[in-house]
Amino acid sequence: MKEADAEKHGKKRVKRSPEYGERVSSCRTEVYLSGWGRWPVVKTYTEHPHVITSLHKIVDESQGRTILARGEGRSYGDAALNPEGCTLLTSNLNRVLAFDDQNGILRCEAGLTFQKIAELFIPRGWFPMVTPGTQFVTIGGAVAFDVHGKNHHIDSSFCCHVRSLTLLTASGKHLFCSRTENSDLFWATVGGMGLTGIITEVEFSLRRIETAYIRSRTFKAKNLDEAFQLFNQHDSEYPYSVAWIDCLASGDSLGRSIVMFGDHARMSDLTVQQKNRPLDIGRKRRFTVPFDFPSGILNRFTVGSFNTLYFYKHMGRERHSIIDWESYFYPLDFLWDWNRLYGKRGFTQYQFVVPLETSRVAVSQILELISRKGWGSFLSVLKRLGQQEGWISFPFPGYTLAIDMPIKAGLWELLDELDQVVMEHGGRVYLAKDVRLKPDVFRRMYPEFEKWIEVKRSIDPENLFSSALAKRLELVTHSV
Ligand SMILES: Cc1cc2nc3c(=O)[nH]c(=O)nc-3n(C[C@H](O)[C@H](O)[C@H](O)COP(=O)(O)OP(=O)(O)OC[C@H]3O[C@@H](n4cnc5c(N)ncnc54)[C@H](O)[C@@H]3O)c2cc1C
């Protein structure tokens, strides 16, 4: 793979950073990999196939090693890590297989990314029904965590729009799975974190768009009550909504936020210049974080100053604007390798959801705890979620809060404390961002886990498919 390609596929750090050394063995490459949070780093053996047919050989000849598919490595923790096992890099298995341009149904290999979909389909007037907050995510990764976007309260999660998928299982069979065929396996694979097999193909719907722009309406909320009020008032009018929240603010300002609503712009919303090329995807410059920042640079003072500046940068209480698709959906993607801002020790994201009824109390309790202990982050996001899809999919009706935190002394104790608050309110933590949840806490948070483990056991009795997360949460050793 050329260096440029490697960068595009997010594998750059494997090649460059000293702690990510590479050594080629006879047929496998020994590498040190991490998730997006850069902790933990584990030794694994990678395969990087170019065609789906070669997957059989990898499954047949696993020689006692466990296997795990990996997409773009954008899950934060240990879900895409397979220590001492075989990690199957899927970035070359990324072909578009069919597109029905009447109904917007796309069938593709699972290594295709949202970035590639945008590049190919926005100019044709189509956009994913659901997209996560970065475009460097594969369709396989989107299914394996049943990812949600800013429109979850209206359009649910990614898998709500998946019609079928094909799974290569431990027995070496390709199984077609949908809501009506092999349906148990379909529901166990949705949100199943790669542990039921290798997703090879997915068929899902795209939405029609008139333009590549978003009509955005932004409000400043002076505290949490006002933020919730704004969600209640406008959520049903807009498919997209999310709030950036200053989690270091306290007292009367606790939960002060910028609440953003949006919808796909129509031709009539555009300026004359934009109307000339309404579906132009444009090309923005990306900047790179050139080195690992010193650990500790993101402290209460720097984060607090950033948050205050960001809050006051938004002039007036309400603002309307037209924004290009990339700046709206993927603002962080303009800063390549932004995870290096947290230094070599890495970081994690604590994301939880709590039911609607308890959201106000639970979110303020958590914000108070974080603010009191000075752990605030400059990337904290509040959002209302809608219905749950898969058995162990994260979203359910309620509010979710996501907070980035550097790894340093005291973090794990704080997060254990937050788990207790989340559990007391009937909530759960998102495993795509997690790296430290305990098995018993996981089981209490995900009550439909028993259904999932039953399917996992019947389809993969020898636990060929495994991961660091699966071992940590005892998903591959647990007996009911
Ligand atoms: C900046 C940023 C913003 C994000 N925003 C959101 C968001 O808004 N909403 C949200 O829900 N998530 C969000 N995420 C999390 C991300 O969407 C998920 O972690 C997603 O699963 C990552 O996809 P990936 O291709 O990088 O997969 P990886 O991280 O490489 O793998 C994730 C899981 O998918 C499995 N997997 C990957 N490919 C396959 C396959 N072909 N077959 C079987 N299993 C497979 C892996 O085994 C692993 O368990 C965000 C992450 C980042 C870094």
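The values are calculated or read from the model by the stated rules, or taken from the named source; none is laboratory data. Keep in mind that what you see is a predicted model, and the values were worked out from it rather than measured. Here the Cβ is made from the backbone with ideal geometry for all residues, glycine too, and neighbour counts use every protein chain on show. Note: accessible area is taken over every heavy atom of the protein model, side chains too, but ligands, DNA and RNA are not part of it. Shrake-Rupley method; radii C 1.70, N 1.55, O 1.52, S 1.80 Å.
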Next on the checklist: With touching a helix residue (DSSP H, G or I) at 6+ places or on another chain (Cβ under 9 Å), crowded, with 21+ Cβ neighbours inside 10 Å and either of a type in the set (Gly, Ala, Ser) or farther than 25 Å from Phe334 by Cα (or both) as the only criterion, which of Ser295, Ser257, Ser250 stands out?
Outcome noted: Ser257
Item to check | strands (runs of 3 or more DSSP E) completely within region 68-185 that count 1 or more residues being buried (at least 22 other Cβ atoms within 10 Å of the Cβ) and within 13 Å of the ligand (Cβ to nearest atom) | outcome: 86-89, 105-109, 126-128, 162-168, 174-178
Checklist entry - List the pairs whose first member sits in region 160-179 and is of a type in the set (Phe, Trp, Tyr), whose second member is open to solvent by 10 Å² or more (accessible area, probe 1.4 Å), and whose Cβ atoms are under 6 Å apart, counting only residues at least 6 apart or on separate chains? => result Phe176/Thr166
Next on the checklist: Please determine whether any residue of region 440-463 is within 13 Å of the ligand (Cβ to nearest atom) and closer than 24 Å to Lys150 by Cβ.
Outcome noted: no
Next on the checklist: When you check Phe219 against the structure, is it away from the ligand (no atom under 14 Å from the Cβ) and either free of Cβ contacts under 8 Å to residues at least 40 places away in the same chain or touching a Leu at 6+ places or on another chain (Cβ under 7 Å) (or both), yes or no?
Outcome noted: yes
Item to check | Scan of region 459-478 for residues that are within 23 Å of Ser75 (Cα to Cα) and aliphatic (A, V, I, L, M), ordered by number | outcome: Leu464, Ala468, Leu469, Ala470, Leu473, Leu475, Val476
Checklist outcome for this item: Given the conditions (1) modelled with pLDDT under 50; (2) of a type in the set (Asp, Glu); (3) over 29 Å from Trp412 (Cβ atoms), every one holds for Glu19 apart from (3)
Next on the checklist: Out of the residues in region 186-215 meeting the condition of being under 23 Å from Phe261 (Cα atoms) and aliphatic (A, V, I, L, M), tell me which one is nearest to the ligand (Cβ to nearest atom).
Outcome noted: Ile214
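So which helices (runs of 4 or more DSSP H) are wholly in region 225-331 and hold at least 3 residues that are free of Cβ contacts under 8 Å to residues at least 60 places away in the same chain? Before you say what the answer is, go through the steps one by one.
Working: elements: 272-276, 300-313, 325-329.
Because the criterion is at least 3 residues that are free of Cβ contacts under 8 Å to residues at least 60 places away in the same chain, the helices (runs of 4 or more DSSP H) in region 225-331 that meet it are 272-276, 300-313.
Those residues that are away from the ligand (no atom under 16 Å from the Cβ) and open to solvent by 20 Å² or more (accessible area, probe 1.4 Å), I need them from region 325-354; list them, please. I'd like the intermediate steps shown before the answer.
Initial filter on region 325-354 (away from the ligand (no atom under 16 Å from the Cβ)): 343-345, 354.
The answer is Lys344, Arg345.
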Checklist entry - Does region 42-51 include one or more residues that are free of Cβ contacts under 8 Å to residues at least 40 places away in the same chain, part of a loop (DSSP other than H, G, I, E, B) and on the phi < 0 side of the Ramachandran plot? => result no
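Out of the residues in region 53-67 that are in a loop (DSSP other than H, G, I, E, B) and away from the ligand (no atom under 12 Å from the Cβ), which is least open to solvent (accessible area, probe 1.4 Å)? Full working, then the answer.
Taking region 53-67 and keeping what is in a loop (DSSP other than H, G, I, E, B), we get 53, 61-66.
The next check asks that each one be away from the ligand (no atom under 12 Å from the Cβ); those that pass are 53, 61-65.
Working: Thr53: 107, Glu61: 89, Ser62: 15, Gln63: 163, Gly64: 81, Arg65: 77 Å².
That would be Ser62.
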Item to check | Extreme residue, most open to solvent (accessible area, probe 1.4 Å), among residues of region 382-441 that are among the polar types (S, T, N, Q) and closer than 20 Å to Cys247 by Cβ | outcome: Gln420
Checklist outcome for this item: Restricting attention to region 80-113, the residues that are in contact with a Gly (Cβ under 7 Å, 6 or more places away or on another chain) and of a type in the set (A, V, I, L, M, F, W, C) number exactly 4
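Which residue is nearest to Arg65 (Cα to Cα), if the candidates are limited to region 460-480 and must be part of a loop (DSSP other than H, G, I, E, B) and open to solvent by less than 10 Å² (accessible area, probe 1.4 Å)? Steps first, please.
Going residue by residue through region 460-480, those that are part of a loop (DSSP other than H, G, I, E, B) are 460-464, 466-467, 473-480.
Those still in the list that are open to solvent by less than 10 Å² (accessible area, probe 1.4 Å) too: 460, 466-467, 473, 475.
Numbers: Asp460: 14, Ser466: 10, Ser467: 11, Leu473: 19, Leu475: 17 Å.
Selected residue: Ser466.
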Item to check | Residue list for region 433-469, filter: over 30 Å from Glu61 (Cβ atoms) and of a type outside the set (D, E, K, R) | outcome: Val435, Leu437, Pro439, Val441, Phe442, Met445, Tyr446, Pro447, Phe449
Next on the checklist: Looking at region 27-44, can you tell me whether even one residue there is surrounded by fewer than 17 Cβ atoms within 10 Å (Cβ to Cβ) and at pLDDT below 50?
Outcome noted: yes
